[in-house]
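Derivation of every value follows stated rules applied to the coordinates shown; laboratory data play no part. Just so it is clear, the structure is predicted and the values come from calculations on it, not from any experiment. Neighbour counts are summed over all protein chains in view; Cβ atoms, including those assigned to glycine, are modelled from backbone coordinates with ideal geometry.
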């Protein structure tokens, strides 16, 4: 149960006598995400996910990017008003298991559009056919977020499989020269 805050309204709105923040989030799995309290990995701020689900309307050139990044609308409590976009939120018990890596090079083995580069794309990560975890990939910043796993030090290459695919293809990317970086 985790998500990345993609964007949020700058100011709270009133909804049923409560101040809330309408937001857009990227999730690994829509079915396992539950409403409740989450903690920001970078900020260590607590936020309540009050509601999530539905769909987003995107311009035609971004429809595939919205789909592959598994973005959904969400309602957060007003504590989210000061949190920066791209914050990763997890259950407090999993906070210490989240890692961030940078990479130098990448090779796509199938279909990829440049419009995907600036989106967080949910993925699973493997080293030598051994799955090491899941998380997100963002090509424009050359970074990955890995939940509940770690990349072995001797690994130079990592295979990334997108959790959602387009056009019934197997979307993969090879990354190399990874190094762990802090939040």
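Things worth noting here:
- Prolate/oblate/rounded label for segment 55-133 (Cα gyration tensor, a/c 1.5): oblate
- Exposure proxy ranking, count of Cβ atoms within 10 Å, fewest first, for 95, 137: 95, 137
- Residues 55, 150, 126 in ascending order of nearby Cβ atoms (within 10 Å, fewest first): 55, 150, 126.
- Difference of contour (0.36 nm per residue) and Cα-Cα distance, residue 164 to residue 35: 44.2 nm
- With 0.36 nm allotted per residue and the present C-alpha distance subtracted, the residue 19-residue 42 stretch has 5.9 nm of extension available.
- Ranking of 71, 1, 174 by count of other Cβ atoms within 10 Å, fewest first: 174, 1, 71
- For segment 89-146, the Rg and Dmax computed from alpha carbons only, in angstrom: 12.5, 36
- Measuring between their Cα centroids, segment 1-66 and segment 70-121 lie 11 Å from each other.
- In terms of overall dimensions, the chain has a Cα radius of gyration and Dmax of 16.4, 54 angstrom.
- Tail fraction, Cα-Cα pairs, segment 95-181, threshold 21 Å, whole percent: 21 percent
- Spin-label pair residue 140/residue 96, simplified geometry with 7 Å Cα→Cβ offset, distance in nm: 3.5 nm
- Each 10 Å bin from zero holds the following percent of Cα-Cα pairs in segment 2-93: 17, 52, 28, 3.
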